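Below: the structure, in structure tokens.
Laboratory data are not the source of any read-out in this text; all were calculated from the coordinates shown. Everything numeric here is computed off the predicted structure, so don't read it as measured data. Don't worry about glycine lacking a Cβ; one is built from the backbone with ideal geometry, like all the others, and counts go over all protein chains shown.
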Amino acid sequence: MQRFLSWTLVASALLLLSACESPGPRDSIGPSPQTVNRNAELQTRLGMGYLREGKYELAWQRLNKALDADPRYSTAHNAMALLYERIGQAEKARTHYSAAIKHNPSDSSAHTNYGSFLCRQGELEAAEEQFQLAIGNALYETPEIPYANLGLCMSQVGRRDDAEKYLRRALELNPRIPGALIAMSDLSLQKGEQLSARAYIQRYAEVAPHSPRTLWLGIQIERALGDRDTAASYAMRLKNQYPDSNETRLLLESESQWQ
């Protein structure tokens, strides 16, 4: 059986929208018609490790060796596609995603990553198709990943009802997906459901550290609820920990109106 890319790499693909992070590195096992070349598998693992570390040239070298050993190895194509995305070569990324799916249509990780890529390219219908193919694989061990990514993609294009539906499903399957929790908090705030927004951001804080984005979101939620003390606590953390962030700039601009 071919091993799929871990959620750590998936997270780098969409989430996109800087929204979702990994609930923990894990490999998913799925059916594969391929007999894996062990050298290709080893080189791919090494390449993925370098990719996670941001050592792109070394990652490219290892992944090229993997594809030299087995040009049909979909996991290597999937990783190479992520690498090309990272360095801004979208068409080469597209080529490798297509190759990954061609050589192993059961590779749900490749479908998920390709869906994320297509979402960022503005190709919404094609992206949704790839996510649904991943979700439709009954043997895929982490269907919450494509559900979360699909929800985030829908959120980015303003399809809030669809976004909420998919994000809720992702959180039913895994309630500890940080990006889905942030997105649901944001959607709840937009709908005027401040208590729900607060609950989601509190759940987020239990599974991941705050970022400028989540601290600013927390400030907006607490201001909407009229809780000045909690809003001030979030604001102090944002100013102290991320003084140069765009969110701190927005906070400073808003403070005169909030006083």
Practice prompt. Inverting the mean 1/r over all pairs of different Cα atoms, compute the Kirkwood radius of the chain and quote it in Å.
Written response: 19.1
Worksheet item: Which entries in the list 92/165; 65/92; 55/239; 55/92 go over 23 Å, if you measure between the two C-alpha atoms of each?
Response: 92/165; 55/239
Worksheet, complete the sentence: Output ordering of 134-140, 99-105 (per-residue mean of other Cβ within 10 Å, highest first) is 99-105, 134-140
Worksheet item: Just how many % of Cα pairs in region 44-138 lie over 15 Å apart, if you round to the nearest whole percent?
Response: 56
Worksheet item: Toward the positive end of the charge dipole of the chain, about the Cα centre and with charges on Cβ (Lys, Arg +1; Asp, Glu -1), which of 257, 82, 231 goes farthest?
Response: 82
Fill in: Expected 222 nm ellipticity per residue - DSSP helices of 4 or more, -39500 (n - 2.57), all of the chain, to 500
-22500 deg cm²/dmol
Response to the item:
For region 93-198, the Cα gyration tensor yields equivalent-ellipsoid semi-axes (√(5λ), largest first, whole Å) of 26, 15, 9
Worksheet item: Please state the relative contact order of the chain as a whole percent: Cα pairs under 8 Å, 6+ residues apart?
Response: 15
Worksheet item: Over all distinct Cα pairs, what is the inverse of the mean 1/r for region 118-259, reported as the Kirkwood hydrodynamic radius in Å?
Response: 16.1
